[in-house]
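Every number in this text was worked out from the coordinates using simple rules, so none of it is lab data. Keep in mind that what you see is a predicted model, and the values were worked out from it rather than measured. With ideal geometry, Cβ positions are generated from the backbone for all residues, glycine too; neighbour counts draw on all protein chains shown.
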Amino acid sequence: MTPGSPIETGVTPRSNPGPAAPADGDDAGSAAARGDGNAALAGDGSPTSWAHVAGLVTALSAVLAVVVLAFAWPASRSAVHDVPIAVAGPATAVAQVTARLEANRPGAFDVTPLPDAAAARAAIEDRDVYGAIVVGPDGASVLTASAASPAVAQGLTELARGLAAAEQGGPAVTVTDVVPTAADDPRGAGLGSAALPLVLAGLAGAAVLSLRVGGTWRRIVAALALAVVAGAAITAVLQPWLGILAGSYLADAGVVALGIAAVVLPILGLVALLGPAGIGLGAAVMMLLGNPLSGAATAPEMLPSGWGTFGQLLPPGATGSLLRSVAFFDGAAAGVPLAVLGTWAVAGLALVALGRFRHPRPNH
């Protein structure tokens with residue numbers, strides 16, 4: 001026997017037991033070590049209860065239903081409600097046409113009587129009315145403003161054809177677009193479709209700044225800088241590139257910048273008060289309420305009664321109205337939407353300041 005052998009030392013050699021089996025509590029760690037992404041996403045790796053799964057499915061389904069309702073309901077219930085138009089001409093003829101309009105389309109139009117075509121044109125250019133029916137000795141003519149609302153202009157055009165059909169043997173009804181849309185966007189679809197991207201730009205900017213920029217003043221400066229730079233870039237796409245907008249580039253860019261600021265700043269304020277939940281609340285207000293009720297693609301008066309007016313008090317609706325006024329009507333009727341956007345921006349700054357005082361940063 002050699003010295004140190006097992007018999008000599010009295011120590012019985014043990015076999016290699018191999019790697020230890022993981023305990024039940026080590027499932028999550030083992031799953032992570034194996035790269036089990038499903039277990040890592042689920043939390044501790046334990047199976048989710050069926051009740052919790054059912055609750056998540058129900059909640060997500062409800063959210064999706066609300067999103068569809070928010071976008072589909074205003075569009076499906078779109079109709080003409082108290083659309084302001086003018087009827088110009090002799091008082092007797094104006095009364096007759098007004099009576100016919102009310103009989104054929106009850107509640108559809110809010111008629112303003114005017115003395116002549118010149119007054120009707122002035123009312124359209126001042127954005128007091130969407131269009132006008134002018135009654136003269138040579139028959140009736142219709143004045144529209146597709147830049148104000150392509151949908152209303154189309155409706156008045158169809159109304160003119162109806163008047164011509166009713167007057168059998170009478171002169172044809174002429175239609176004149178007093179304030180047309182841009183030549184590269186004859187149907188006005190481009191400006192209407194730009195409402196949603198503008199809202200998304202504000203929401204995305206607010207979310208990124210809230211999560212990636214620290215410090216109250218830095219967030220405010222970043223938000224204002226984002227509004228200016230993004231406003232210039234978006235307007236460059238809409239105006240020189242696509243030809244959707246008219247008027248002054250700088251004025252249009254200013255409107256877009258103010259619209260973005262009116263979305264970004266309030267959401268930053270909600271985040272300062274509520275934390276990350278403020279992003280969700282702000283998105284719900286701007287996206288689920290503001291965008292569908294903006295009336296950008298049609299007209300606020302074509303939304304269900306009362307909702308169009310409410311939509312003009314939110315940033316998406318006010319931005320669309322202000323942009324039309326500045327781009328096509330030399331700033332006519334710009335006061336109210338300008339005040340709405342300014343109020344939202346200032347309110348956002350106030351919320352940011354309030355959040356800073358309620359949750360002061362510790363001094364080091």
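Could you compute the net charge surrounding Pro84? Neighbours are other residues with a C-beta less than 11 Å from the C-beta of Pro84; K and R count +1, D and E count -1.
-3
Of all DSSP beta bridges in the range 83-177, what percent run antiparallel (nearest 5)? Working shown, then result.
Numbers: 5 of 18 bridges.
Antiparallel: roughly 30 percent of the beta bridges in the range 83-177.
Let me know the shape class of the range 83-177, please: from the alpha-carbon gyration tensor, a ≥ b ≥ c as square roots of the eigenvalues, rounded when a/c is under 1.5, otherwise prolate if a/b is greater than b/c, or oblate.
The shape class here is rounded.
Using the Cα centre of the range 160-248 as the reference point, and only Cβ charges (+1 on K/R, -1 on D/E), how large is the resulting charge dipole? Debye, rounded to the nearest 20.
560 debye
Residue by residue, what Karplus-based ³J(HN,Hα) values in Hz, rounded to whole numbers, does the range 152-160 have, using 6.51, -1.76 and 1.60 with θ = phi - 60° and x for Gly and Pro?
So the Karplus estimates, Gly and Pro as x, are 5, 4, 5, x, 5, 5, 5, 5, 4 Hz.
What is the Rg over Rh value, at two decimals, for the range 189-358, using alpha-carbon atoms and the Kirkwood definition of Rh?
0.97
Amide H neighbours of Leu114 under 5 Å, at least 5 residues apart or on other chains, H built in the peptide plane: list them.
So Leu114 has HN proximity to Val87, Ala88, Gly89.
Would you please name the trypsin sites (Lys or Arg not before Pro) within the range 128-233 that are DSSP coil residues with at most 14 other C-beta atoms within 10 Å of their C-beta?
Arg187
For the range 110-159, give the magnitude of the charge dipole about the Cα centre (Cβ charges: +1 Lys/Arg, -1 Asp/Glu; no others), in debye to the nearest 20. Don't jump to the answer; show the numbers that get you there.
On the way: 2 positive and 7 negative charges, 16 e Å.
Rounded to the nearest 20 debye, it is 80 debye.
Would you kindly derive the ³J(HN,Hα) couplings of the range 107-118 from the backbone phi angles with the Karplus curve 6.51 cos²θ - 1.76 cosθ + 1.60 (θ = phi - 60°), listing them in order in whole Hz, with x for Gly and Pro?
Values per residue, Gly and Pro as x: x, 7, 10, 9, 8, 10, x, 9, x, 7, 5, 4 Hz.
Defining a contact as two alpha carbons under 8 Å apart and six or more residues distant in sequence, what relative contact order in percent does the range 189-358 show?
28 percent
So what's the net charge close to Gln239: Lys and Arg +1, Asp and Glu -1, counting the other residues with Cβ under 12 Å from its Cβ? Intermediate results must be reported in sequence, preceding the final value.
Numbers: positive: none; negative: Asp184, Asp185, Asp252.
Taking every other residue near Gln239 into account, the sum is -3.
I'd like the FRET efficiency for Val221 and Ala277, computed as 1/(1 + (r/R0)^6) with the beta carbon distance as r and R0 of 25 Å, rounded to 0.05.
E between Val221 and Ala277, to the nearest 0.05, is 0.55.
Please list 3J(HN,Hα) in residue order for the range 141-149, calculated via the Karplus relation 6.51 cos²θ - 1.76 cosθ + 1.60 where θ = phi - 60°; whole Hz, with x for glycine and proline.
9, 10, 10, 10, 9, 5, 5, 7, 6
Would you pull out the residues with amide H under 5 Å of Phe109's amide H, same chain only if 5 or more places away, H placed 1.01 Å from N?
HN-HN under 5 Å from Phe109: Asp82, Val83.
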